[in-house]
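Trainee: Mind looking over this structure? Questions follow.
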Amino acid sequence: MRPEDGEALGGGSAGDVFALGPVALKVFPGRLDDRTRLLVERELERLSSLDGQFLVPDAIEDLPGGRCALRSELCTGSLLQLVGSAGRLPVSDTLVLGSALASTLATAHESGVVHGRLTPANVLFRASGEPVVNDFEHTLRPVFIRDPQHGSHLLAPERAATESADLHGLGVVLYLALTGVLPRPDRPPLHREDAPIDLLALIENLLADDPAARPPGAALVAEVLAGLVDEHSAAERPPVAVPPMIVANARPRKSVRPVLAIGTASVLAVAGWLLLPGLTDQTPPALARPAPHSVPPRAVSEPASRVELVPPIDRGSVVELSWRAPHGMDSAVVVTSETGEARTTLVRRLRTANVPVEPGRKYCFVVQVTDGRGIAESAAYPIRGAVCRK
């Protein structure tokens, strides 16, 4: 039976995919020479040895007419197709999907394997609903080049097959899952009312144009997402009391306590301690929720006293933050605007954050860290003429 006698599932930069019974065939326009076939077989063997959400072809088939194909398990469809037909995913499903994919990337990267072209079109779903990553193979990409620009608008700006580029691809996947649309270069700051702000901040970091501004590794991303999965599925907990900063000449808002007007046009910010308890045997392997502010902070340990916020980069609607702190410490970003509104974003082990802001408005930024024994914070940094004081 010819592949064309089955159902056409789509095409990519190198071949077309057809469904034939319980299998999928990715068909290429030519045959493989002995050397290339050997390289492909070794690549598939290596991928099969990895433990993760991989969809690995199980055979190379020679077809009539001088063509070849990779045979794989048939999946029900891709994330791109699912969102196109059903719309954005629930937050809980987005978190579970992201956690599984980040763990798969971490496993691959630890073994020296990168994907290089991770997009929503190659995140597939088995009949069981389990997500898997397709097209991890690299050998055939330069052999059969039909459309080199296919999907290139979704790739990392550096156009390189690196671990950081895979993280950018994960950001594209999560952005689509959470919003129902693909990210554009001119996209507004990511927002969804029912999504944890930690997830929004993580996705913005994953999508950073500069590879150095993205998270340092897939394993850390997997850890953060696993913690968010646990938090999102846990029973509702009491709200966190995070005191706002005090801002001069601010307009009172119902969402925060009345502010103290001091001085004239300056912005006076006071960042209260954000208590981040250490991990215990009963705590999931992620940052626990902060304790209420009424609990007195413990003394800051010597290692926790070294945190330095790099001068923020103002991009208009987004401010790029980065900071230095000892390895293994958890972080939170406290942002105060000239309206008196303060918000805190827990970013755990990340050392960068892209913070959505309103163009033209003054802001102050503080980073707080903990090593489980004590808490410390950076000096406050202003933008747009704000004046920040403790």
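Trainee: Condition first: buried (at least 19 other Cβ atoms within 10 Å of the Cβ) and either part of a loop (DSSP other than H, G, I, E, B) or of a type in the set (K, R) (or both). Now tell me which residues in the range 317-338 satisfy that.
Mentor: Once the filter is applied, which keeps residues that are buried (at least 19 other Cβ atoms within 10 Å of the Cβ) and either part of a loop (DSSP other than H, G, I, E, B) or of a type in the set (K, R) (or both), the range 317-338 yields A325, M329, E338.
Trainee: Give me a count of the residues in the range 209-226 that are surrounded by 19 or more Cβ atoms within 10 Å (Cβ to Cβ) and touching a Pro at 6+ places or on another chain (Cβ under 9 Å).
Mentor: The qualifying residues number 4.
Trainee: Next question, about the same structure. Could you grab me the full set of residues in the range 316-358 that are small (G, A, S) and without any contact (Cβ under 8 Å) to a residue 60 or more places away in the chain?
Mentor: Answer for the range 316-358, where residues must be small (G, A, S) and without any contact (Cβ under 8 Å) to a residue 60 or more places away in the chain: G316, A325, G328, S331, A332.
Trainee: Among the residues of the range 172-193, are any surrounded by 21 or more Cβ atoms within 10 Å (Cβ to Cβ), touching a Gly at 6+ places or on another chain (Cβ under 6 Å) and either closer than 26 Å to R315 by Cα or outside the structural domain of L97 (by TED's automatic domain parsing) (or both)?
Mentor: Among the residues of the range 172-193, at least one is surrounded by 21 or more Cβ atoms within 10 Å (Cβ to Cβ), touching a Gly at 6+ places or on another chain (Cβ under 6 Å) and either closer than 26 Å to R315 by Cα or outside the structural domain of L97 (by TED's automatic domain parsing) (or both), which makes the answer yes.
Trainee: Also: Output the number of residues of the range 14-51 satisfying the condition of being in contact (Cβ under 8 Å) with a residue 60 or more places away in the chain, closer than 29 Å to L97 by Cα and touching a helix residue (DSSP H, G or I) at 6+ places or on another chain (Cβ under 9 Å).
Mentor: Of the residues in that region, 2 qualify.
Trainee: I need a count of the residues in the range 12-57 that are assigned to a strand (DSSP E or B) and in contact with a strand residue (DSSP E or B) (Cβ under 7 Å, 6 or more places away or on another chain).
Mentor: Final tally of qualifying residues: 11.
Trainee: Here is a follow-up. Of the conditions (1) crowded, with 16+ Cβ neighbours inside 10 Å; (2) touching a Gly at 6+ places or on another chain (Cβ under 8 Å); (3) more than 30 Å from H191 (Cβ to Cβ), L47 satisfies every one except a single condition; which number is it?
Mentor: (2)
Trainee: Name the one entry in G84, G77, G65 that is free of Cβ contacts under 8 Å to residues at least 24 places away in the same chain and within 32 Å of the chain's Cα centre (by Cα).
Mentor: Sole residue among the options that is free of Cβ contacts under 8 Å to residues at least 24 places away in the same chain and within 32 Å of the chain's Cα centre (by Cα): G84.
Trainee: Only one of these conditions is not met by D5: (1) without any contact (Cβ under 8 Å) to a residue 40 or more places away in the chain; (2) closer than 27 Å to H153 by Cα. Which number is it?
Mentor: Here D5 clears every test but (2).
Trainee: In the list R349, R361, which residue meets the criterion of being on the phi < 0 side of the Ramachandran plot and surrounded by fewer than 20 Cβ atoms within 10 Å (Cβ to Cβ)?
Mentor: R361
The values are calculated or read from the model by the stated rules, or taken from the named source; none is laboratory data. Keep in mind that what you see is a predicted model, and the values were worked out from it rather than measured. Backbone-built Cβ (ideal geometry, glycine too); neighbour counts: all protein chains shown.
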